[in-house]
Amino acid sequence: MRAADAVEARLELERTGRLRRLAKVIGAFAIEAVGLGGSDALPGFDLVIVRRDSGAEIHRTRAGGEGEAQRLLASVEAELDALPLEDFLRGWHLFEN
């Protein structure tokens, strides 16, 4: 069975409290307003791997900012398409009980 048949990868906003996320956004806009760039201060993303049958999350890791997160997601999706499920789980050290 292909890994992509059993699990999927997606991006979600990083898990942080609302106040911390709001502070990062405000900080990013303030830095951008003075011309120093600020996109790196924006809230980042987590890469989340979930089971297709139940939607249960089996892995979550920080994926970085939007560009970095998109590149990571594309790479993981290519692995999911190419690898058998067991090989994908072994490679990511994701063994279910």
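So here's what we get for this one:
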{"read-out": "Set A69, A63, A9: member being in contact with a Gly (Cβ under 9 Å, 6 or more places away or on another chain), modelled with pLDDT of 85 or more and part of a strand (DSSP E or B)", "value": "A63"}
{"read-out": "Enumeration of residues in the stretch 50-81 that are open to solvent by less than 40 Å² (accessible area, probe 1.4 Å), over 8 Å from the mean Cα position of the chain (by Cα) and under 14 Å from W92 (Cβ atoms)", "value": "V50, V76, L80"}
{"read-out": "Output for the stretch 52-64, where each listed residue is under 11 Å from L11 (Cα atoms) and not polar (S, T, N, Q)", "value": "R60, R62, A63, G64"}
{"read-out": "Matching residues in the stretch 65-97 - criterion: being out of contact with any helix residue (DSSP H, G or I) (no Cβ under 7 Å at 6 or more places or on another chain) and farther than 18 Å from A3 by Cβ", "value": "E66, G67, E68, A69, Q70, R71, N97"}
{"read-out": "Among the candidates R21, R15, residue that is at pLDDT below 95, open to solvent by less than 70 Å² (accessible area, probe 1.4 Å) and more than 20 Å from H93 (Cα to Cα)", "value": "R21"}
{"read-out": "In the stretch 46-60, the residues that are within 21 Å of A78 (Cβ to Cβ) and not charged (D, E, K, R)", "value": "L47, V48, I49, V50, I58, H59"}
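The values are calculated or read from the model by the stated rules, or taken from the named source; none is laboratory data. Note that the structure is a prediction, hence the values are computed from the model and not measured. We place every Cβ from the backbone using ideal geometry, glycine too, and count neighbours over all the protein chains shown. Heads up: the accessible areas ignore ligands, DNA and RNA and are worked out on the full protein's heavy atoms, side chains in. Shrake-Rupley method; radii C 1.70, N 1.55, O 1.52, S 1.80 Å.
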